[in-house]
Amino acid sequence: MSDLRTLAPGLADPSHDAQQLFRAILDAASHPGRIVSLPSAPAGPGALSSAATAYLLTLADRDTPVWLASDFDRPEVRNFLRFHAGAPIVAARAEASFGVVAAGTPQPFDGFNLGTDAYPDRSATVLIEVPDLQSGPMRHWRGPGIADRTSVGIAGLGDAFWDDWAANHALFPCGVDLVFTAGTELCALPRSIAVEV
Amino acid sequence: MTENSAKDGAYNYAYLDEQTKRMIRRAILKAVAVPGYQVPFGGREMPLPYGWGTGGIQVTAAIIGRDDTLKVIDQGADDTTNAVSIRRFFARVAEVATTTRTEEATVIQTRHRVPETPLSEGQILVFQVPIPEPLRMLEPRETETRTLHALSEYGVMQVSLYESIARHGRISKAYNYPVMVNGRYIMSPSPIPKFDNPKLDRSPALQLYGAGREKRIYAVPPYTPVKSLDFDDHPFEIETWEQCCELCGSKESFLDEMIVDDDGKRLFVCSDSDYCERRRAPAEAAE
Ligand SMILES: [Zn+2]
């Protein structure tokens with residue numbers, strides 16, 4: 001049983017906070033590479049960043065199973081997501097609508113639902129917790145939402161990560177969508193985006 | 001505790017319950033990730049007649065907040081019954097400011113037109129869509145059209161357009177002219193005149209399309225290529241008029257033909273009422 005006395009608070013104003021957070025998330029998703037600061041993002045439970053917490057509180061519910069990497073799979077995080085979002089926590093990546101992994105995890109988005117050619121919308125969205133969104137090596141991103149190209153320096157990701165990304169992008173219209181989270185900021189990388197190494 | 005903070009105590013904020021909004025929000029994000037692909041969404045029926053534009057209303061209700069300024073147009077005009085009703089609805093249930101000025105709006109819900117005034121980054125254009133499937137007239141079976149999109153197998157559309165050229169000497173479709181989004185999906189731009197199609201191409205605004213009856217959402221992110229289908233020997237062309245607008249003199253805007261007297265005298269005026277009014281009162285508009 002979760003102990004409600006130790007449960008971190010969720011959104012202070014569920015309807016309006018979720019609306020504002022969604023618009024920030026939509027802004028990020030429709031401008032890949034843009035670093036978006038989330039308004040009124042609550043402090044996360046355990047090792048979960050404020051941005052990842054806000055993302056899940058805005059979009060996860062009983063219809064969207066969540067998979068947590070071992071860094072985040074702690075009772076306080078599970079209880080938080082169950083209590084505030086009603087989201088089931090699942091043991092298999094393939095069953096999840098949302099995943100949370102840490103930068104540096106090998107094959108961070110391997111095994112998640114990629115969707116199908118007929119229903120590419122059924123793919124998972126994976127949140128990647130990174131140290132920060134601008135101090136890493138600059139890479140050029142191109143695709144829908146970006147005028148020409150943009151330079152993005154997500155920290156904490158090796159070359160293997162971007163090889164994996166190229167393989168994911170090549171599956172379009174299938175493939176996972178990524179959201180990089182750090183502190184109260186996030187940056188979206190939908191499957192439609194090509195990243196030049 | 002605050003789920004019922006709308007002025008109208010009987011409804012949740014922006015009318016839809018939070019779970020329905022979350023579901024629509026998730027569908028919007030997937031639609032943005034796969035430009036031009038129609039994302040099915042579930043949810044309960046809106047207790048509104050379909051002609052009202054329930055798909056557009058659901059999308060607007062899922063995104064709108066108290067910081068937004070909403071513009072609603074129907075056939076280009078802000079003052080039609082439909083546009084006024086939808087604007088009042090959101091002013092009441094979502095406590096938003098409303099405007100008729102295109103550049104002041106953060107969210108524009110539209111039926112049948114894209115504003116003449118160029119849109120800018122940060123604006124969201126929400127289209128009301130009656131029939132989301134561009135291949136429906138050619139292939140009635142949903143399982144078939146879904147397969148054709150999955151395989152990017154669009155020969156049936158090419159054949160249809162070429163038949164139109166063979167019969168009429170040109171592609172006769174004037175509204176709902178099909179487009180190719182980011183080189184992958186054929187999409188219905190909703191019943192806008194083909195005159196508006198070029199405005200969809202690499203627009204800095206985000207385009208969201210909501211179909212209520214068939215429960216589909218699709219999107220075109222900013223700066224995404226949107227190409228009207230055509231052939232090398234029959235390139236896409238928009239409508240032109242010999243007349244200019246009777247009221248503002250515009251030669252660039254989409255004109256509606258009006259019959260003004262019993263003798264059948266006709267004149268042409270801008271379909272976009274905000275654009276036309278602003279051109280007639282430039283000093284006032286510039287303040
Ligand atoms: Zn005019």
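Nothing in this text is a laboratory measurement; each read-out follows from the coordinates by a stated rule. What you are looking at is a predicted structure, and each value in this text was computed from that prediction instead of being measured. Here the Cβ positions follow ideal geometry from the backbone for every residue, glycine too, while neighbour counts run over all protein chains shown.
When +1 charges are put on Lys and Arg Cβ atoms and -1 charges on Asp and Glu Cβ atoms, the dipole computed for the stretch A:14-74 relative to its Cα centre reaches about 120 debye. Return the long-range amide H neighbours of A:LEU189 (sequence gap of 5 or more, or a different chain), with a cut-off of under 5 Å between placed amide H atoms. Those lying under 5 Å, H to H, from A:LEU189 are A:LEU178, A:VAL179, A:PHE180. Footprinting exposure proxy ranking of B:ARG87, B:ARG213, B:ARG279, fewest other C-beta atoms within 10 angstrom first, gives B:ARG213, B:ARG279, B:ARG87. Of the cross-linked pairs B:LYS173/B:LYS251; B:LYS21/B:LYS173; B:LYS173/B:LYS199; B:LYS30/B:LYS199; B:LYS199/B:LYS265; B:LYS199/B:LYS251, which ones have a Cα-Cα span greater than 27 Å in the structure shown? As for pairs spanning more than 27 Å Cα to Cα, those are B:LYS21/B:LYS173; B:LYS199/B:LYS265. Taking trypsin sites (Lys or Arg not before Pro) across the stretch A:1-76, the ones in a DSSP loop with at most 15 further Cβ atoms lying within 10 angstrom of their Cβ are A:ARG62. Close amide H contacts of A:GLY99 (hydrogens built in the peptide plane, cut-off under 5 Å, sequence separation of 5 or more or a different chain): A:TRP67, A:THR125, A:VAL126, A:LEU127. Charging the Cβ of each Asp and Glu at -1 and of each Lys and Arg at +1, and nothing else, the dipole of the stretch B:191-247 about its Cα centre rounds to 600 debye.
Along its first, second and third principal axes, ordered by size, the protein assembly as shown spans 81, 52, 43 Å in Cα coordinates. For a Förster distance of 35 Å, can you work out the FRET efficiency between the beta-carbons of B:GLU239 and B:THR147, rounded to the nearest 0.05? Efficiency for this residue pair is about 0.55. In the protein assembly as shown, helical runs assigned H by DSSP with n ≥ 4 each contribute -39500 (n - 2.57); averaged across all residues and rounded to the nearest 500, the mean residue ellipticity at 222 nm is -8000 deg cm²/dmol.
Computed about the Cα centre, the dipole magnitude for chain A is approximately 180 debye when only Lys and Arg (+1) and Asp and Glu (-1) carry charge, each at its Cβ. Between A:PHE112, A:PRO39, B:TRP241, the Cα set farthest toward the positive side of the dipole of the protein assembly as shown (charges on each charged residue's Cβ, about the Cα centre) is that of A:PHE112.
Sparsely packed loop sites in the stretch B:65-130 (the GluC sites (Glu not before Pro) outside DSSP H, G, I, E and B with at most 15 other Cβ atoms within 10 Å) comprise B:GLU121.
Remark: the stretch B:261-269, residue by residue, has Karplus-estimated 3J(HN,Hα) of 8, 5, 7, x, 5, 10, 9, 10, 9 Hz, where x stands for each Gly or Pro and the curve is 6.51 cos²θ - 1.76 cosθ + 1.60 at θ = phi - 60°. Within 10 Å of the Cβ of each residue in A:139-150, the mean number of Cβ atoms contributed by other protein chains is 3.
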